[in-house]
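Remarks on the structure that follows.
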Amino acid sequence: MLPTIKSSTNHLSLSNIFLVFPLFLITACLPIKSQTTIITGETMGTTYTIKYVSENTISKTAIDELLVQINQSVSTYMPESIISKINQAAPEHCKEIDIDIFFTENFELSKAIFEETDGYFNPALMPLVNYWGFGYGDKNRHTIDSNEVNRLLLLTNFYDFEYHQTHLTKKYKAQQVDFSAIAKGYGVDQIAAWLNAHHIDHYLIEIGGELRAKGKNAANEYWRIGIDQPQKNLSQRTLKAIVPIKNQSVATSGNYRNYRKLGTKEYGHIINPKTGFPEEKEIISATILAASCAVADAYATACMVMGFDKAKRLIENNTDLMAYFIYKNKQGLIATYQSDDLELIEID
Ligand code: ADP
Ligand code: MG
């Protein structure tokens, strides 16, 4: 059984799907004479795909080993991972659990984004993620007790976790960290670093819909990805937009394919850290472009719970980020927003 980070009975969320449209144009200067090579596999409860154009070849085994190492550090689905040990430990035993570079980088980046998003991105939400049935815990809850939600909310103060170079400490035993909203992107960045080190300069990497590209495809065009129309039913998938990606990363977040029904109500998998409840704000699908895929991944999740006005302000004030939002405007109509510099072809 492969390690998983994201629990979902429905792993095929919007962001798990990407389309690449190689343009079969005969161009004068192909980057290299080789064709596209494709490596696929499974990781983090979803699939990964690497497409690259190079005369060098890379081994799937090496990529799988790298991904297994990352999972052994940050997968909440592996009981023996570093994160699971910390999550299960009493505070006084946390110092006995050594953390590694993968854990440290996920933690440090998460902390920076927690602060930049005014706490809307919060990796300390694990007790609530489990309560709502989107984590490794019980998925069969049928009723919600708001007193219990409020009690669990008290455990989600991210500042109760302290980084000490070799280990992480926490205040209460029931406190748990969760890097699910950043780890897929982080895995993509790690693969990119590995490919760079192995002199592969033209690639498109994807884990569960989070992507990073460098160079060009075999037709000497920038890699292109498709953004889905937000629809629950995968068999009716249609594209909303196409984006050429130029040495950057793209992550899309949406609640409409990873949700649960409790009674008559449907709840998405992204939780508002201010209320403890999964919250449907105006944004239906948030696509973020950034240099790092981990950064894009985390901000995409944060934008979903921030609401349109706050998310737009956040993007406009951060020159490292670009966004494409599909949202419900004040009249209740579906509208889109895109950053000024974003090159994107809208369909319809
Ligand atoms: P999506 O691809 O839809 O953004 P991700 O897998 O990136 O989904 O992130 C969703 C996961 O992040 C949830 O399943 C949960 O584990 C965790 N999560 C939920 N709400 C938050 C939040 N506000 N901040 C950080 N992590 C969250
Ligand atoms: Mg995410």
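Checked against the criterion of being surrounded by 14 or more Cβ atoms within 10 Å (Cβ to Cβ), within 21 Å of Ala311 (Cβ to Cβ) and either among the hydroxyl-bearing types (Ser, Thr, Tyr) or within 16 Å of ligand 1 (Cβ to nearest atom) (or both), the candidates Phe161, Phe114 yield just one match: Phe114.
Among residues belonging to the stretch 191-220 that are in contact with a helix residue (DSSP H, G or I) (Cβ under 6 Å, 6 or more places away or on another chain) and within 16 Å of ligand 2 (Cβ to nearest atom), point out the one that is nearest to Val129 (Cα to Cα). The residue in question is Gly208.
The residue pairs whose first member lies in the stretch 133-148 and is surrounded by fewer than 14 Cβ atoms within 10 Å (Cβ to Cβ), whose second member is assigned to a loop (DSSP other than H, G, I, E, B), and whose beta carbons are closer than 9 Å, counting only pairs six or more residues apart or on different chains, are Asn140/Gly133; His142/Gly263; Thr143/Gly263; Ser146/Gly276; Ser146/Phe277.
From the list Ala296, Ala311, which residue is on the phi < 0 side of the Ramachandran plot and either under 15 Å from the mean Cα position of the chain (by Cα) or more than 16 Å from ligand 2 (Cβ to nearest atom) (or both)? Break it down into steps so the answer makes sense when it comes.
Working: Ala311 fails: either under 15 Å from the mean Cα position of the chain (by Cα) or more than 16 Å from ligand 2 (Cβ to nearest atom) (or both).
Only one candidate passes the filter, namely Ala296.
Looking only at the stretch 109-128, residues that are under 16 Å from Lys170 (Cβ atoms) and in a helix (DSSP H, G or I) come to 6 in all. Of all residues in the stretch 313-345, those that are closer than 25 Å to Ser110 by Cβ, out of contact with any helix residue (DSSP H, G or I) (no Cβ under 9 Å at 6 or more places or on another chain) and crowded, with 19+ Cβ neighbours inside 10 Å total 1. Out of curiosity, is Val188 under 28 Å from Asn272 (Cα atoms), in contact with a Lys or Arg (Cβ under 7 Å, 6 or more places away or on another chain) and of a type in the set (A, V, I, L, M)? Judged against the criteria, Val188 is a match.
Could you check the stretch 280-348 for strands (runs of 3 or more DSSP E) lying wholly inside it with 2 or more residues that are in contact with a Leu (Cβ under 9 Å, 6 or more places away or on another chain), within 16 Å of ligand 1 (Cβ to nearest atom) and within 18 Å of His269 (Cβ to Cβ)?
Values: elements: 283-290, 322-328, 334-338.
Those strands (runs of 3 or more DSSP E) span 283-290.
In this entry, Thr238 is excluded by the filter for residues that are within 16 Å of ligand 2 (Cβ to nearest atom), closer than 19 Å to Ile347 by Cα and of a type in the set (S, T, N, Q). If I filter the stretch 247-264 for residues that are closer than 24 Å to Ala183 by Cα, at pLDDT below 95 and of a type in the set (A, V, I, L, M, F, W, C), do I get at least one hit? Looking through the stretch 247-264, none of the residues is closer than 24 Å to Ala183 by Cα, at pLDDT below 95 and of a type in the set (A, V, I, L, M, F, W, C). Figure legend. Inter-residue proximity from the stretch 203-214: first residues within 14 Å of Thr36 (Cβ to Cβ), second residues small (Gly, Ala, Ser) and within 15 Å of ligand 1 (Cβ to nearest atom), beta-carbon distance below 8 Å, spacing 6+ or different chains. Indicated pairs: Ala213/Ser249.
Every listed requirement among (1) open to solvent by 10 Å² or more (accessible area, probe 1.4 Å); (2) modelled with pLDDT under 85; (3) not in a strand (DSSP E or B) is met by Pro273 save one, (2). A residue that is open to solvent by less than 20 Å² (accessible area, probe 1.4 Å), more than 12 Å from ligand 1 (Cβ to nearest atom), farther than 30 Å from Lys312 by Cβ and among the aromatic types (Phe, Trp, Tyr) occurs somewhere in the stretch 35-55. Taking the numbered list (1) open to solvent by less than 60 Å² (accessible area, probe 1.4 Å); (2) within 16 Å of ligand 1 (Cβ to nearest atom); (3) touching a strand residue (DSSP E or B) at 6+ places or on another chain (Cβ under 8 Å) in turn, Asp178 passes all entries but (3).
The values are calculated or read from the model by the stated rules, or taken from the named source; none is laboratory data. Quantities reported herein were computed from a predicted structural model and do not represent experimental measurements. Heads up, the Cβs are rebuilt from the backbone with ideal geometry, glycines too, and the neighbour counts pull from every protein chain shown. For the accessible areas, the whole protein counts, side chains as well, though only heavy atoms, and no ligand, DNA or RNA atoms are used. Shrake-Rupley method; radii C 1.70, N 1.55, O 1.52, S 1.80 Å.
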